[in-house]
Amino acid sequence: MENEQLLIDQAVYLEAGVHIGTKITTPGMRRFVYKIREDGLFLLNLSTINERIMLAAKMLSKFEPSQIVVTASRIYAISAATKFAEVTGMKLMAGRVMPGIFTNPRREDYSEPGMMLVSDTRNERQAIREASKTSIPVVALCDTDNLIKYVDFIIPCNNKGRRSLALVYFLLAREFLKEKGLIKSNEEFNYKVSDFEAKLEMKAGQ
């Protein structure tokens, strides 16, 4: 794979581990698997990850930032998604999404987004269920063990790792701003991947 076809140098992708999945693959994610490593971990296709980040940015750019909700539930995802929302102007919902927030107009926090970007289909399944009931299109970061029901567009990636999440959200933010015409080149994007990275290490089981 030639580096000039990539959003960022291949070595950066590999170092961040965006392609390293889990030891489980669901039927819906099997098509994105490149191979199985000797230790049993499924590896995702890096070319597909790269292509789908670009396509997701194009899809998101069809909406105004205020129309897009980003959900994140785990520490590493919350850090990356928080910076992403800050940079792009999208709305962040961190932690648990309360039932009815997208389906019950009587709620004070009722929201009618045009699109949803989900960090993990397992932990944010309530948001996805609500979106399916109200025909909100869902773009989701999906690891090899994620279920994809009600997801309209998958970004296959390691959605658990600190550096992987930071890199994916960094690239999505940069490409979104380019698609919106808010910046013209990568050089105008005045952020680093580390800006999207959680500063705290998670303990086992978090």
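What follows is calculated from the coordinates using simple rules that are stated; it is not laboratory data. Note that the coordinates shown come from a computational prediction; the quantities given were computed from them, not determined experimentally. Please note: Cβ atoms are built from the backbone with ideal geometry, for glycine as well, and neighbour counts cover all protein chains shown.
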Next on the checklist: Among the listed residues Ser194, Ser164, identify the single one that is among the polar types (S, T, N, Q), out of contact with any strand residue (DSSP E or B) (no Cβ under 9 Å at 6 or more places or on another chain) and touching a residue at least 12 places away in the same chain (Cβ under 8 Å).
Outcome noted: Ser194
Next on the checklist: Exactly one condition in (1) part of a loop (DSSP other than H, G, I, E, B); (2) surrounded by fewer than 17 Cβ atoms within 10 Å (Cβ to Cβ); (3) in contact (Cβ under 8 Å) with a residue 24 or more places away in the chain is false for Asn104; which is it?
Outcome noted: (3)
Item to check | Subset of region 137-178 [in a loop (DSSP other than H, G, I, E, B), closer than 17 Å to Val69 by Cα and in contact with a helix residue (DSSP H, G or I) (Cβ under 8 Å, 6 or more places away or on another chain)] | outcome: Pro137, Tyr150, Val151
Next on the checklist: Quick test of your reading of the structure: Arg122 fulfils all but one of (1) farther than 17 Å from Leu14 by Cβ; (2) outside any loop (DSSP other than H, G, I, E, B). Name the failing condition by number.
Outcome noted: (2)
Next on the checklist: Against the condition crowded, with 19+ Cβ neighbours inside 10 Å and not in a loop (DSSP other than H, G, I, E, B), how does Arg129 come out, does it pass?
Outcome noted: no
Checklist entry - Quick check: anything in region 60-73 in contact with an Asp or Glu (Cβ under 6 Å, 6 or more places away or on another chain) and surrounded by fewer than 22 Cβ atoms within 10 Å (Cβ to Cβ)? => result yes
